[in-house]
1. What whole-number value in Å² describes the accessible area per residue of the protein assembly as shown for a 1.4 Å probe?
2. From the alpha carbon gyration tensor of segment A:19-214, can you work out the equivalent ellipsoid semi-axes (sqrt of 5 times each eigenvalue) and give them in Å, largest to smallest?
3. Can you give the mean number of other chain Cβ atoms that lie within 10 Å of the Cβ atoms in peptide B:147-154?
4. Mind checking which of A:SER96, A:PRO108, A:GLN177 is farthest towards the positive end of segment A:19-214's charge dipole, using Cβ charges of +1 (Lys, Arg) and -1 (Asp, Glu) about the Cα centre?
5. Rolling a 1.4 angstrom probe over the protein chains, ignoring ligands and nucleic acids, what is the accessible area of A:ASP304 in square angstrom, nearest 10?
6. How well do other chains shield peptide B:287-293, expressed as the mean number of their Cβ atoms within 10 Å of each residue Cβ?
7. Using only Cα atoms, tell me the angle between helix B:327-342 and the longest principal axis of chain B; keep it within 0 to 90° and round to the nearest 10.
8. Which net charge results for the neighbourhood of B:GLN245, defined as the other residues with beta-carbon distances under 9 angstrom from its beta-carbon, given Lys and Arg at +1 and Asp and Glu at -1?
Amino acid sequence: MKRAAVGIFMLLLLTGCWDRMPLRNLPMLDVAGIELNENGKEVVLDLVITTYKKAGQGQAEPLSETTELRGNSLIEAIGKGEYIDQGRFLGISTRSYLIGERFASKDPMKELSFLLHAPYASINSSVVIFEGNVSELLKNKSGTRKPLTKKLNDFIKALQMNGTIPDISMMTFILSQEDPLEDVALPMLKQYESGIELDGALLFDQAKSTGMKLSKDQLQMMMLLLGETSGKQKFTGSLPATGETQQSSSDPSKDIDYGLSIKKKSKKITVQGEPNGPPKIIINIRMKVYVFELGEGVKALKFDYANRMEKELAKHLEEQAAETIKILQKANADVLGIGKQIKAFHPNIWKSLDWQKDYPQLSIKPVITVQILDADIK
Amino acid sequence: MIHLDKISIKQLFCLVILTQVGVHVLTIPYEESKNTGYDAWISVLLCGVIGQAAILLIYLLGKRYADRTLPQYIFSIFGKPIGKILNLLIAAYYAVSSLVVAVSYSDVISRWMLFTTPWYVISGVSIAIAAYIASSSLRSIATITQSIIVMFAICFLIVVISGTGKGDWRHFLPVGTHGIGPILKDTIFAFWAYAGYELLLYVFPFVHCHKKKNILIAMSAANGFTTFFYVLISVIVTYTFSESQLKSIPEPMIFILRQFKWPVVQSLDILFMTIWLGVTTVTVYVYLFLSARYLAFVRSTEIRNHSLLVWGLAIGCFTAGLWLSDRQSILRISDYFNNVSMIVSSIIPAILLLVSLARGKVERV
C-alpha cells in the first residue's frame, strides 16, 4: 500500500510533461535584429536561427535562416511569429540584439521594456547599434549560407573581451532608463565590404538616444576613462611632431607614430567643491605602458627621450580625453559615472545640484600621467 | 510515536536554517527597500539581530519547561481554556504559513518555468511532497533536512558566483542617509523572512545535548548564518542595481541570475529555482508538521494520529491554494503575514515568558 502511494507520487513528479520542449524541435534564436522601416512607422524584426546540418556526422555545417516579422510595435511583430515559418521562436539563447539606428533614435524603450519581464527572453545578451539596414544585412548574408551571425557574435565578443567596447546587456540598457546616473553608450557597427566593422558609439541619456556619437578613437578614450581597458587593448595613433603640439601638424610625415599597451592603470575621480557654483571634477588616470613603437624604430628607447615622450603622450591623450568628455557632456550622457561619484562621496554637494541641468556645464578635467616601462637607462 | 528519538544539535542547526530561508531569497531586499532604498541591507541585518533576541527569549522559556513542548506547557501558563485557543491559533498560523510558502513558490515556478503546467499540479505536488515528509517523525524530518543542506550549499554557491558580475560599490554610499526611522520601519518587512526559529518552542525537549547551553549556541549560529546569507544577498543586489532601478524589479535575485553570462549553463536562474524548490519544501513541511503538532493539543487529550492530522491539513491547504493562483492575493496575504509572524515569533514568546516568570516556580510533571 505504502509502495503504491509512493509510486503515485513519482508519477506526479513528471509534471514537466506540460512544459516539455524537445531540444531538436526548438527554433532557437541567434541574433535578433530590430529596425524601423523607411517611413518609420513599422517595426521590422529579423530573427536569425542557425541550425547545424550533418551535425551527427561530425562535420556540422551551420545554416542560418532569417524570418522577418513586421508590426506596428515590437510586441505585435513578435506576436506574428506564432504563425510564420517554424512558429513560436524562443529567445532564450539570443546571443546579440542588433538594433537599427532609426529604431534606436526613436525612444526604443517604449518597445523594448517588456523584454525585462518576459520569460524566455534573453536579457543578458549584448545590444549593439547597426548603422544601415539591419534586415538587409541579416537577410542577404544568411540566405547565402554564410554563417554571418556567428562571425558577428564572435566579433562582438572579441571587442568586449579586449575592452574596446562596453558590454551593455539588454537588462542594463532597459534599466538605464530608470536612473540618470546609469547612462550608457551603445557600440555602433556598420557594414564594411563583406564584413562588419566598429564605428564608434551612440550615446543615450536615460535610454533615449541623444543622437550624438563618439568616434572609434573617442570610444577607446571613453573606455580608458572608465577604467575598463584591459592589457589586451592596443593604443595606436600619431603624435603631432614635436614643437607643434598645439595645432595639428601641417606635415603629417613628421608625426610620430605610437603604439602602446597598458600594463597597469589606476583611475581616480576627485571632486573639488566650489563655495559658489558647481564643483570641479578631475579625472586622474595614471598608466604604466609598454611601448612597441614611438618613432624610434628598432633602436631601444633612450631614457631622456622616453621621459620627454611620456609628457607628450600624456598631453596628447589628455586632449583626446577632454574632447571625448565634452561630447559626453553635450549629450548629457553621464557614462563615466561622475554623478554617482558625487552622490556617493559628496552628498552635500549633490544636494545642491540639479544633475540633468548641471552636468553639461560642469568643469571636468582629465589629468593623465604616462609612465613608459620599457625604456633604457641611458 | 511522533518522536521516537531525539535530534542532534547539528540537525537542529540545519533545521533552523532551512526553515528560515525560503521564497524570500528571491525578493530580498525589494520589500525592505520601500522606505530605505539602498540602505535596505541595514534593515535586513537589524531584523536578524532582533531575531537573535527572540531566540534568547524562546531559549529561556524552553529551559524553564525543559521536559515539555509549548503546546503542552502552555496550559500551565495560561490554563486550559486559553491554552487550547492559543494552540488552535498557532496551529492555524503554521498551516496558513505553510500554505503561503507553498503557493508563493508555485507561483514563482509557474511564472518563470512551467507556464502551461496546470496550477493544481504544481501546488499539489509541492504540498503533497511536504505532507508526506511532515507525516513522519521529527527525527526523520531532521535527517531529510540534513541532506537537503547540500542543495542549499549549491544554491549558495550559485548566488555568490552570480554576484560577482557587473556592479558598482558606490550604490551603497553614503551609508544611512535614509535615517533610522525608515530603517526600523522596513525591518518589519523582513520578519517573515526570518521566521522559523520559533520552531524551538516545540523542538526544545527533543534536542539531544550535554548542556542546554549548546541549544542556544546552535540556534544563534543558525540565525547568524541566515542573517549573513540575507545580508549577502542584499549586498549583491545593491551592488548590481541602483536604488531607482531596484524599484522596478520585484525579484532582484532572479534578474541577477538571468543576467549572469556563463558559457556552460545558459539560464542560471532556472537551474537555481529548480534546486531551490528543495529548500522551500523544508519550510513547507516543517510548518505543516508544527501545525499538526499544535493541533493535536486542542482537545483535552492529545490526538495521537499524527499523519491523519498532517494529511487533513495538507488537503485543506491544497484546496485553499486552488483559489490563490493569482499573484495579487498571494501578495496581499504575504503583506498581512509580516505582522502575524512578528507576533508569533517574538511577541508571544515574550508574553509567555513574562507570565511564566510572574507565576513563579514551575511544577514538574
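1. That works out to 44 Å² per residue.
2. 26, 20, 16
3. The mean count of partner-chain Cβ atoms within 10 Å per residue comes to 0.
4. The listed residue farthest towards the positive side: A:SER96.
5. 120
6. 0
7. 50
8. Result for the local shell: -3.
The values are calculated or read from the model by the stated rules, or taken from the named source; none is laboratory data. Since this is a predicted model, take the numbers as computed values, not measurements. When we count neighbours, we look across all protein chains shown, and the Cβ atoms used for this are built from the backbone with ideal geometry, even at glycine. We work out accessible area using only protein heavy atoms, side chains counted, and drop any ligands, DNA or RNA first. Shrake-Rupley method; radii C 1.70, N 1.55, O 1.52, S 1.80 Å.
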